[in-house]
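The values are calculated or read from the model by the stated rules, or taken from the named source; none is laboratory data. Being a predicted model, the structure only gives us computed values, none of them experimental. Methodologically, a virtual Cβ is constructed for each residue, glycine included, from the backbone with ideal geometry; neighbour enumeration extends over all protein chains shown. Only protein heavy atoms, including side chains, enter the accessible area calculation; ligands, DNA and RNA are left aside. Shrake-Rupley method; radii C 1.70, N 1.55, O 1.52, S 1.80 Å.
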Amino acid sequence: MPHTYPAFDISPVPVPALDTVPPQLFRGLYGMPMFVTVPTADLAASVDFWIRGLGFFDLFSVPDRLTHLRRWAFQDVLLVSGERPTEAAALSVSFACVLSQIEQIAAACAELVPGCTMGPRQMPWNSVELEIVTPEHTRVIMTAARPYNPDSPAAEQLRAMGIGAPE
């Protein structure tokens, strides 16, 4: 049986490993504990980018008004008709993915909107992150946890920051 982290049994995010398979897209309904609302001047173009670039699916739409997108459970985005900001905000939104998805997402987004990605880069908290600026100027961070090796320099850095090993 694979190791799980007991405190996170409700999370759809799998335990990090080099061969981790992403969970299935979640099409069920639930009370959303958190979601992001993104205004867009071109709803159809934004939906296309989020689906083909970032791997979301259209859970439901109200024509010309909004589209509710989702990837895994608890990864919900509402694209709504509105004004597009003139530039990307400093605020970003992060979505978990698995390591094998980082390069796929980077390539898909760059094909749709050349120059929209930065990274991927390894972060000191043992993840790999890809930053994407979407057509509506939303800064999205796709973050994939790396496998935890207690003897690695990354683990030492985590301990130095006060972050202990998973139990």
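Give the residue, chosen from THR37, THR86, that is part of a loop (DSSP other than H, G, I, E, B) and polar (S, T, N, Q).
Selected residue: THR86, the only one of THR37, THR86 that is part of a loop (DSSP other than H, G, I, E, B) and polar (S, T, N, Q).
If only one of PRO124, PRO147, PRO114 is over 14 Å from the mean Cα position of the chain (by Cα) and at pLDDT 95 or above, which one is it?
The conditions single out PRO114.
Might you let me know whether segment 66-76 holds any residue that is more than 11 Å from the chain's Cα centre (by Cα), part of a strand (DSSP E or B) and either hydrophobic (A, V, I, L, M, F, W, C) or on the phi > 0 side of the Ramachandran plot (or both)?
yes
Going through segment 12-70 one residue at a time, which ones are basic (Lys, Arg) and within 20 Å of PRO85 (Cα to Cα)?
Hit for segment 12-70 is ARG65, nothing else.
Residue-wise test of (1) without any contact (Cβ under 8 Å) to a residue 12 or more places away in the chain; (2) open to solvent by 20 Å² or more (accessible area, probe 1.4 Å); (3) charged (D, E, K, R).
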residue	(1), (2), (3)
GLU87	no, yes, yes
CYS116	no, no, no
GLY119	no, yes, no
ALA155	no, no, no
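For MET161, state whether it is in contact with a strand residue (DSSP E or B) (Cβ under 6 Å, 6 or more places away or on another chain), within 28 Å of LEU18 (Cβ to Cβ) and open to solvent by 70 Å² or more (accessible area, probe 1.4 Å).
The answer is no for MET161.
Residues of segment 39-85 being charged (D, E, K, R) and touching a residue at least 60 places away in the same chain (Cβ under 8 Å), which ones?
Matches in segment 39-85: ASP42, ASP48, ARG52.
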